[in-house]
Each structure stands twice: as structure tokens, then as C-alpha cells.
Amino acid sequence: MLERPRRNRVSPAIRGLVRETVLSPAHLVLPLFVHESATPHPIPSMPGHARLSIFDLVAVAQEAHKLGVGGVALFPAIADELKDPLGKESKNPDGLLQRAIRALKSEVPHLTVITDVALDPYSSDGHDGVVVDGRIDNALTLPILAEMAVNQARAGADVVAPSDMMDGRVGHIRRALDEAGFTDVLICSYAVKYASAFYGPFRDALDSTPRALDKKTYQMDPANVREAKREIDLDVREGADWLMVKPGLPYADVIRFVRESSSLPVAAYHVSGEYSMLKAAAERGWLNFDQCLLESLVCLRRAGADIIFTYGALEAAKLLR
Ligand code: PBG
């Protein structure tokens with residue numbers, strides 16, 4: 001036999017030399033949940049994750065930075081009494097999220113801080129936009145998102161990440177940031193975000209399950225991929241710096257499609273449900289969590305993701321050390 005593909009697999013060193021895809025902690029973003037209380041509130045459907053105080057958040061962020069993780073993505077668990085239909089608390093310059101950003105930028109200045117732009121943590125309806133007569137109102141939502149993004153930038157966010165899927169929001173946010181002088185703050189657009197049931201554990205974490213209606217009038221239909229082209233073309237024109245595909249692994253074909261349709265960096269979100277499935281199977285002894293996590297992440301990179309948001313960022317960074 002002249003052709004023996006196995007020769008390229010004979011040793012770890014040979015395999016290392018011919019490896020096509022590299023995964024390093026610098027590609028990873030760790031999503032974290034923050035709340036007002038001093039005691040951590042574990043999230044049962046996301047083993048290893050909890051709502052953290054700002055103090056504990058800073059400690060975890062320090063660890064992430066030491067391990068070489070590229071950034072953290074922050075999600076605030078807002079007290080129910082502060083939620084209303086217009087998400088007013090998102091404008092508070094001294095709100096929970098703003099204090100968390102300031103603490104991180106002062107204690108771990110070189111770690112990239114990414115903040116979520118969407119109404120759902122602040123909305124008494126649990127939706128990413130304003131609900132009017134049983135519909136999500138695009139026009140009413142845009143100025144609120146723009147103000148939210150500026151408020152986050154003012155607190156020190158490096159990257160704002162609109163995850164709301166309203167039409168026109170990237171342009172709205174870009175103009176508002178520039179007018180306020182935040183020309184260097186990046187926009188990571190959740191450009192291709194699907195109406196997915198894999199977000200279940202995340203909604204437990206924030207207690208943000210919609211009170212009524214689903215998110216199918218703004219998030220994409222899992223059956224579609226051509227439509228992704230339209231979403232990314234718009235976001236590129238409106239000034240996005242990164243394009244996100246979400247969820248991750250079940251949508252690897254979409255990641256590849258976005259990779260080939262644009263020259264912008266592509267982010268993939270290995271979402272809560274993907275993480276929790278691995279944890280649950282590992283708890284039963286059915287899968288090896290560490291190996292399945294690293295394999296999932298390398299597959300996302302191979303599919304075309306530059307950046308990966310994953311709840312397993314700390315574990316992966318330790319394994320990669
Ligand atoms: C909401 C938001 C969601 C996630 C990130 N931002 C959930 C949703 O759209 O309902 C999901 C993240 C995850 O499941 O890990 N703006």
C-alpha cells in the first residue's frame with residue numbers, strides 16, 4: 001500500500017504537526033451571571049455555575065484571566081421589583097451590571113468585558129423587546145437598546161453584544177455609541193440567533209422565561225440557513241465588528257456558512273443547553289465531560305468560529321494548559 005493515512009497519526013508529535021485546527025484559551029469567552037446578594041445562588045440546571053456577587057465575579061474573572069481566557073460575557077439577574085415593561089433599570093448608571101463592569105475593569109483591566117444588549121433581564125414580560133398588545137414592538141425597542149449599550153460602554157464595557165434580534169439595532173447602537181464618543185467599543189452582533197429550546201437552562205439562571213408568547217417572531221427559525229445571509233449582510237452594513245451564530249454545535253453548518261459569507265470574525269455560542277447536556281450525561285457516568293467539552297470546542301473552531309462563548313471556558317482552559 002503506497003497510501004497509508006495512518007502514518008500521519010503514528011505519534012502525538014506527528015499528530016501535533018499535522019493538526020489543522022487549534023483551540024486555545026485566548027479564543028474563549030466565559031459567560032457569567034451576577035446578582036446583588038453576597039451568597040452564590042447555584043443554578044441547578046447548569047452544574048458549576050451560579051449567580052455570583054460582584055466580589056465573587058471578580059475572583060472568577062481573575063482566575064479566567066490567569067488561565068488565558070480572552071473575555072467574560074456578563075448577564076445580570078435583576079430583582080423582580082426592578083423589572084418593568086420598558087426595562088427602565090437598564091438605564092441606571094449605578095445598576096448591578098454597571099457596578100460589575102466597573103469592578104472588573106478596575107481589578108482585571110486586561111480581560112475583555114462583553115455585555116449583553118437585550119431587554120429580557122430587565123423586562124417584566126421576559127422578552128428581548130417591548131411588548132405592546134401581545135406583539136414585540138421593534139421601533140419602541142431600538143432607542144432603549146441604544147441607551148442600554150451606551151450605559152454599558154460608559155461603565156467600561158469593551159464589547160457590547162446585542163442578542164435581541166430586533167431589526168436595525170446594530171446601526172442604532174453604532175450611531176449612539178459614536179455620538180457618545182465610544183468609537184472604540186466593539187459590537188458583537190448576535191446576527192444569526194435561532195429560536196432555540198437549548199436556551200432553557202440560561203432562562204432558569206436569569207429567571208427570564210417569557211411570561212407569555214415565544215420568541216419566534218424575532219429569533220430565527222431553526223430550519224433556515226439562507227436567511228442567515230440577509231441577517232449578516234444587514235449587520236455588516238450597520239457596523240458590526242463580530243458576527244455571532246447561536247446555538248453552537250447543532251448549527252455548525254450555519255457557522256461554516258457565515259464564515260464563508262463574510263470576512264468578519266465569527267463567534268459561536270456553545271449555549272447553556274449544550275453545556276448542561278454534557279454535565280448531565282457525565283453525572284450519570286455516560287460521557288467523559290472533559291473530553292466531550294474539548295471535542296465540542298474544537299469542532300466549533302473547525303466549523304469556522306474564531307471566538308467561542310462557552311460555560312466550560314475555565315475547565316477547557318485548565319485542560320489546555
Ligand atoms: C437573551 C439571551 C439568551 C441567551 C443569551 N442572551 C436567551 C434567550 O434568547 O432567550 C442564551 C444563552 C444560553 O442559552 O446560554 N437576550
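The values are calculated or read from the model by the stated rules, or taken from the named source; none is laboratory data. Only a predicted model underlies this, so the values are computations on that prediction, with no experimental measurement involved. Neighbour counts run over all protein chains shown; Cβ positions are idealised from the backbone, glycine included. What goes into the accessible areas is simple: the full protein's heavy atoms, side chains included, and nothing from ligands, DNA or RNA. Shrake-Rupley method; radii C 1.70, N 1.55, O 1.52, S 1.80 Å.
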Revision key, fill the gap. Per the filter on region 172-192, residues open to solvent by less than 10 Å² (accessible area, probe 1.4 Å) and not in a helix (DSSP H, G or I) are 187, 188, 189, 190, 191, 192
Practice item. Tell me, yes or no, whether region 32-49 has at least one residue that is out of contact with any helix residue (DSSP H, G or I) (no Cβ under 9 Å at 6 or more places or on another chain), surrounded by fewer than 19 Cβ atoms within 10 Å (Cβ to Cβ) and in a helix (DSSP H, G or I). Key: no
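Out of all the residues in region 156-196, which are of a type outside the set (Val, Ile, Thr) and in contact with a Gly (Cβ under 7 Å, 6 or more places away or on another chain)?
Correct list: 164, 166, 171, 174.
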Exercise for review: Identify, by number, the condition in (1) polar (S, T, N, Q); (2) over 18 Å from residue 157 (Cβ atoms); (3) surrounded by 18 or more Cβ atoms within 10 Å (Cβ to Cβ) that residue 11 doesn't meet.
Suggested key: (3)
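Yes/no per residue for (1) out of contact with any strand residue (DSSP E or B) (no Cβ under 8 Å at 6 or more places or on another chain); (2) open to solvent by 30 Å² or more (accessible area, probe 1.4 Å); (3) modelled with pLDDT of 95 or more:
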{"residue": "82", "(1), (2), (3)": "yes, yes, yes"}
{"residue": "91", "(1), (2), (3)": "yes, yes, yes"}
{"residue": "100", "(1), (2), (3)": "no, no, yes"}
{"residue": "103", "(1), (2), (3)": "yes, no, yes"}
{"residue": "113", "(1), (2), (3)": "no, no, yes"}
Point to revise | Hits in region 270-296 - residues which are within 22 Å of residue 50 (Cα to Cα), out of contact with any Cys (no Cβ under 7 Å at 6 or more places or on another chain) and within 16 Å of the ligand (Cβ to nearest atom) | key: 270, 271, 272, 273, 274, 275, 276, 277, 279, 280, 293
